[in-house]
1. Scan segment 155-170 residue by residue and report those that are touching a helix residue (DSSP H, G or I) at 6+ places or on another chain (Cβ under 9 Å) and not in a loop (DSSP other than H, G, I, E, B).
2. For residue 18, which of the numbered conditions (1) on the phi > 0 side of the Ramachandran plot; (2) within 16 Å of the chain's Cα centre (by Cα) fails to hold?
3. Which of the residues belonging to segment 30-89 are without any contact (Cβ under 8 Å) to a residue 24 or more places away in the chain, closer than 27 Å to residue 5 by Cβ and either crowded, with 16+ Cβ neighbours inside 10 Å or basic (Lys, Arg) (or both)?
4. For segment 137-152, check the following and say yes or no: at least one residue is within 16 Å of residue 10 (Cα to Cα), outside any helix (DSSP H, G or I) and not hydrophobic (A, V, I, L, M, F, W, C).
5. Going residue by residue through segment 98-114, is there one that turns out to be under 22 Å from residue 153 (Cα atoms), surrounded by 13 or more Cβ atoms within 10 Å (Cβ to Cβ), out of contact with any Gly (no Cβ under 7 Å at 6 or more places or on another chain) and of a type in the set (Lys, Arg)?
6. Scan segment 116-151 for residues that are of a type in the set (A, V, I, L, M, F, W, C) and modelled with pLDDT of 90 or more and jot them down.
7. Just wondering, is there one or more residues in segment 8-28 that are in contact with a Pro (Cβ under 8 Å, 6 or more places away or on another chain) and either part of a strand (DSSP E or B) or open to solvent by 40 Å² or more (accessible area, probe 1.4 Å) (or both)?
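The values are calculated or read from the model by the stated rules, or taken from the named source; none is laboratory data. As the structure is a computational prediction, the values presented were derived from the model and not from experiment. Heads up, the Cβs are rebuilt from the backbone with ideal geometry, glycines too, and the neighbour counts pull from every protein chain shown. With ligands, DNA and RNA removed, areas are computed over all heavy atoms of the protein, side chains included. Shrake-Rupley method; radii C 1.70, N 1.55, O 1.52, S 1.80 Å.
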Amino acid sequence: MNQSIYLITGPSGSGKTALSTYFGGKGYTCIEADSTPGLCYFVNRVGKPVPYPQGADAAWWSTHHYVWEIDRLKKLIGTLHAPMGPILLFGNAGNIDRAWDLFTGVFYLDIPENIMLKRVESSTQDHSFGRRIEEPDQLLRWAGPFKEKMVGLGAVSIDATRPLADVATS
């Protein structure tokens, strides 16, 4: 791939969708992983796709993960041509490390837990994880280790509490 591809990741409520809309409005090619049919799904411990149940509790989460279909992601990226600049992928998944080499760079949108929960609660996005009654606890259990993993892999951390235009120019 000759195209520069950047991943913008972070927990729910960090501003991924807002940044996608912002950059898309400026003519950039943006992919929202959660909104791309067939790209993201839940798997059980052995990697078999499973539906996401109502009322998923900590026990369910301990044996299931939200993942990207890496081959489908590669094919999707391979079909895109971005005349305006780089391709921007927005999203997160439990297997980002398996896709890491696809990206020219990775940016982690960092927000404190209280702001994350407030944004998720007020979100109107259909795909905003954390809105169901049982999800905020899982989001809190997941967010810290996910941040550590992203920064450990080399993601550039961005303070996503600032105004959108400031975050976009970081």
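1. Result: 157, 158, 159, 164, 165, 167, 168.
2. The number of the failed condition is (1).
3. Here is the first cut: in segment 30-89, the residues without any contact (Cβ under 8 Å) to a residue 24 or more places away in the chain are 37, 44-53, 59-60, 62-64, 71, 75, 79, 83.
This time we only want the ones that are closer than 27 Å to residue 5 by Cβ, so: 37, 47, 49, 71, 75, 79, 83.
Listed by number, the list holds a single entry, 75.
4. No: zero hits.
5. For segment 98-114, residues under 22 Å from residue 153 (Cα atoms), surrounded by 13 or more Cβ atoms within 10 Å (Cβ to Cβ), out of contact with any Gly (no Cβ under 7 Å at 6 or more places or on another chain) and of a type in the set (Lys, Arg): present.
6. Passing the criteria: 146, 150, 151.
7. First, the residues of segment 8-28 that are in contact with a Pro (Cβ under 8 Å, 6 or more places away or on another chain): 28.
The next check asks that each one be either part of a strand (DSSP E or B) or open to solvent by 40 Å² or more (accessible area, probe 1.4 Å) (or both); those that pass are 28.
Yes, the conditions are met somewhere in segment 8-28.
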